[in-house]
Amino acid sequence: MAPVTEAAIIAHGQPGDPAPLQAQIDELAVRVAAELGGGWVVHGATLACGCSVRRAARAQLVYPVFMAEGWFTRSELPRRLGMAGAADYTVLQPLGLDPAMPQIGLDLALDSAASAGIDPATAELVVVGHGSQKSRGSATATRAFADALAASGRFRGVTCGFIEEEPFFARLQITGPAICLPFFATTAGHVSEDVPQGWEAIGNPGPIAPAIGTAAAIPACIAAALTAARRQNAA
């Protein structure tokens, strides 16, 4: 019998109310496992739910469902796994840096424009990211993602805004129709509350696309990265 590879997909979660996002990541783990097929066990975990991290401690491959490299992926995630007893594992690059993300985001934005009857060539695409007053990782990843979307030439223009640093999303000046694309991994508070509130402050110039981390293509994207990492580790 071929050996089984255990993998963990780990997100930040929502400390004040961990259950809903833990359920979301558990569902994502099921979908990733379905993409991978036999020979895999996939655990879903969030840092907000300690018991889920303990269940994931046997994983050989860890996939961070984060949008950028930073303190959480480089320091806190390994620390929490170590506390849970994990050893001899490989941490992959986070979801937001996957090369497939710009195409997934473009598809989401175009679908949202089509559903609203908006010609993307006449619309601004507004990419909203987390941002940070302390680290450049989030803004750097968000801007790289937005630049890749701009290079497609499908929208009139592409603008970045942030929740926690300038240019603040809710203060952007947008003229004409626009599509909002949240560059977030889950539907936590920023996506469910801050993004709609900020979009309303802008004037609600068009539809809000789903958070990119919830796109239908994400499980296959994660599965491909895990498969490549297992192949590389075996080489």
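The values are calculated or read from the model by the stated rules, or taken from the named source; none is laboratory data. Remember, predicted model here, so these are calculated numbers, not experimental data. Every residue, glycine as well, gets a Cβ built from its backbone with ideal geometry; the counts of neighbours run over all protein chains shown.
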List the number of the failed condition for Pro196; all other conditions in (1) touching a residue at least 40 places away in the same chain (Cβ under 8 Å); (2) exposed (fewer than 15 other Cβ atoms within 10 Å of the Cβ); (3) not in a loop (DSSP other than H, G, I, E, B); (4) not polar (S, T, N, Q) hold. (1)
Looking for whichever is touching a strand residue (DSSP E or B) at 6+ places or on another chain (Cβ under 6 Å) and surrounded by 14 or more Cβ atoms within 10 Å (Cβ to Cβ) here; the options are Ala68, Ala100, Ala59. Which one fits? Ala59
Cβ-Cβ below 7 Å, separation at least six or inter-chain, first residue in the stretch 142-165 and assigned by TED's automatic domain parsing to the domain that holds Ser132 and touching a residue at least 24 places away in the same chain (Cβ under 8 Å), second of a type in the set (Asp, Glu) and assigned to a helix (DSSP H, G or I): which pairs? Ile163/Asp194
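So that you can scan it fast, the table gives a plain yes or no per residue for (1) of a type in the set (Gly, Ala, Ser); (2) more than 17 Å from Met101 (Cβ to Cβ); (3) in contact with a strand residue (DSSP E or B) (Cβ under 7 Å, 6 or more places away or on another chain):
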{"residue": "Thr142", "(1), (2), (3)": "no, no, yes"}
{"residue": "Ala148", "(1), (2), (3)": "yes, no, no"}
{"residue": "Gly153", "(1), (2), (3)": "yes, yes, no"}
{"residue": "Phe184", "(1), (2), (3)": "no, no, no"}
{"residue": "Gln197", "(1), (2), (3)": "no, yes, no"}
{"residue": "Ala225", "(1), (2), (3)": "yes, no, yes"}
{"residue": "Arg230", "(1), (2), (3)": "no, yes, yes"}
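One residue is enough: does the stretch 167-188 have a residue meeting the conditions of a type in the set (Lys, Arg) and closer than 26 Å to Arg74 by Cβ? Outline the logic, then answer.
Within the stretch 167-188, the first condition is being of a type in the set (Lys, Arg), and the residues that meet it are 171.
Remaining after also requiring closer than 26 Å to Arg74 by Cβ: none.
There is no residue in the stretch 167-188 that is of a type in the set (Lys, Arg) and closer than 26 Å to Arg74 by Cβ.
A quick yes/no check of all residues on (1) at pLDDT 95 or above; (2) under 11 Å from the mean Cα position of the chain (by Cα); (3) outside any helix (DSSP H, G or I):
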position	(1), (2), (3)
Thr186	no, yes, yes
Pro219	yes, no, no
Ile222	yes, yes, no
Leu226	yes, no, no
Gln232	no, no, no
Boolean, Ala113 is modelled with pLDDT of 95 or more and not aromatic (Phe, Trp, Tyr): yes
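Residue by residue, here is whether (1) modelled with pLDDT under 95; (2) among the acidic types (Asp, Glu); (3) over 15 Å from Leu92 (Cα atoms) holds:
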| position | (1), (2), (3) |
| --- | --- |
| Met1 | yes, no, yes |
| Ala7 | no, no, no |
| Asp17 | yes, yes, yes |
| Pro20 | yes, no, yes |
| Asp26 | no, yes, yes |
| Val30 | no, no, yes |
| Ala33 | no, no, yes |
| Val41 | no, no, yes |
| Ala48 | yes, no, yes |
Read through the list (1) touching a helix residue (DSSP H, G or I) at 6+ places or on another chain (Cβ under 8 Å); (2) among the basic types (Lys, Arg); (3) under 20 Å from Ile212 (Cβ atoms), then give the number of the only condition that Arg143 fails. (1)
Which of the residues spanning the stretch 188-217 are within 20 Å of the chain's Cα centre (by Cα), closer than 14 Å to Val128 by Cβ and of a type in the set (S, T, N, Q)? Ser192
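Residue by residue, here is whether (1) in a helix (DSSP H, G or I); (2) small (Gly, Ala, Ser); (3) surrounded by fewer than 17 Cβ atoms within 10 Å (Cβ to Cβ) holds:
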{"residue": "Leu110", "(1), (2), (3)": "yes, no, no"}
{"residue": "Ser138", "(1), (2), (3)": "yes, yes, no"}
{"residue": "Leu149", "(1), (2), (3)": "yes, no, no"}
{"residue": "Thr159", "(1), (2), (3)": "no, no, no"}
{"residue": "Glu164", "(1), (2), (3)": "no, no, yes"}
{"residue": "Ile179", "(1), (2), (3)": "no, no, no"}
For the stretch 30-50, indicate whether the set of residues that are part of a helix (DSSP H, G or I), crowded, with 22+ Cβ neighbours inside 10 Å, not assigned by TED's automatic domain parsing to the domain that holds Gly153 and not β-branched (Val, Ile, Thr) is non-empty. no
Could you say which residue among Thr122, Thr175 is among the β-branched types (Val, Ile, Thr), modelled with pLDDT under 95, in the same structural domain as Glu200 (by TED's automatic domain parsing) and surrounded by fewer than 17 Cβ atoms within 10 Å (Cβ to Cβ)? Thr175
